[in-house]
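Notes follow once the structure below has been shown.
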Amino acid sequence: MTRETQYKCRFCTICNGEKCLGEMPGMGGVENNSNFILNYREWEKYEPAEDAVSTATMRFAPVTGAEENIGYPSEGDFYREIIRYCKKNGLEVSIGDGVPDSKLQYGIEALQENGMKGSVFLKPYENGKLFERIEWSSSVAESVGVDIDSYNIVTMRNKANLEKKTAAQLKEIKAHLKTPFIIKGIFTEEDLELVKEVKPDIVVISNHGGRISTRSGSTLDFLIRNRETIRNNVMEIWIDGGIRRKKHLQIAQANGASSVLIGRPVISSFLQQKTFSLQ
């Protein structure tokens, strides 16, 4: 089987969402990749200051469903190998969960095998189930987040019985944790209200790489329009979606983000056995 037929990524020189339109399962996004494309284009509208130097952390985004979405032969092998790759390339790491439970367990095992800790992002299950997963991941979690935007993936919501989290439920999770608490998937006015009430340690501005359609727009545009409100209610802002160049890190930091999450470009470099770098 050739690389092109084995993997669903097209290995585009610039990963901008224009060649994998609507390919889900796959590396594309919903609604003809509209927000995937907007994410990338928004970063390209800006130029950093001439003397800009970025100290924003690059972090591998929480990616699950390697068999379905990437065409990787084995979910467990993917986690072990991608986390080893991240360690070699100096990237911070995130892991996610899904159905079945083995998806989270593979990520935990891969972090343990590599002597690493990372951010653990969990789907918005009912809180008792979340507390169980928090316990599973306690040995490797440097921070724990609830991936609230995954509720908007209808197939996942129905398959895993996900909840639309209230502020009270999120506060209960925050109080339960011994690590920093993250709300991931901030992208609507309703999400901002949750942030103001819950005051998590960290938020991740995300539309799941354009794979969720709650509204039309880019993550950078959302950050620019709402950064003061967010800054006043959290300790750190992280962002993902369309980050492809070094200048994007500088733009992110200039707008208040201390960390960026990168998914597709890391996966593409890994699959092609290339050293990861931004242009």
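Derivation of every value follows stated rules applied to the coordinates shown; laboratory data play no part. All values derive from a computational prediction rather than experimental measurement. Ideal geometry is used to build each Cβ from the backbone, glycine not excepted, and the neighbour counts take in all protein chains shown.
Distance from the Cα centroid of the range 160-184 to that of the range 72-137 is 18 Å (rounded to whole angstrom). Shown here: the range 35-105, whose C-alpha atoms stretch 46, 29, 18 Å along the first, second and third principal axes, sorted largest to smallest. Simple point charges give the picture: +1 on the Cβ of Lys and Arg, -1 on the Cβ of Asp and Glu, and for the chain a dipole about the Cα centre of about 400 debye. As a rough guide to protection, the peptides 35-47, 16-28, 58-70 ranked by mean Cβ packing within 10 Å, highest first, stand as 58-70, 35-47, 16-28. When shorter helices are ignored and each DSSP H run of at least 4 residues is given -39500 (n - 2.57), the per-residue value for the chain at 222 nm works out to -12000 deg cm²/dmol. Residues of the range 105-135 with amide nitrogen under 20 Å from the 7 Å Cα-to-Cβ point of ALA168? The answer is 124-131.
Along the axis of the charge dipole computed for the chain (Cβ charges of +1 for Lys and Arg, -1 for Asp and Glu, origin at the Cα centre), the listed residues THR229, GLY242, HIS176 are led at the positive end by GLY242. Listed peptides 199-207, 162-170 appear in the order 199-207, 162-170 once ranked by packing, highest mean of other Cβ atoms within 10 Å at the front. If the segment from THR13 to GLU50 were pulled out straight at 0.36 nm per residue, it would be longer than the present Cα-Cα gap by 10.8 nm.
Full extension of the chain segment joining ARG231 with GLN6 gains 76.7 nm, where the gain is 0.36 nm per residue of separation less the Cα-Cα distance. Its relative contact order, with pairs defined as Cα atoms under 8 Å and 6+ residues apart, puts the range 3-271 at 24 percent. Over all projection directions, the Cα-based convex hull of the range 1-139 averages an area of 10.7 nm². For the range 42-60, backbone nitrogen atoms closer than 20 Å to the point 7 Å from ARG245 Cα along Cα-to-C-beta are found at 42-59. Above 23 Å, the calculated P(r) of the range 3-271 contains 49 percent of its Cα-Cα pairs.
Listed by Cβ neighbour count within 10 Å, with the fewest neighbours leading, PHE131, PHE121, PHE222 appear as PHE131, PHE222, PHE121.
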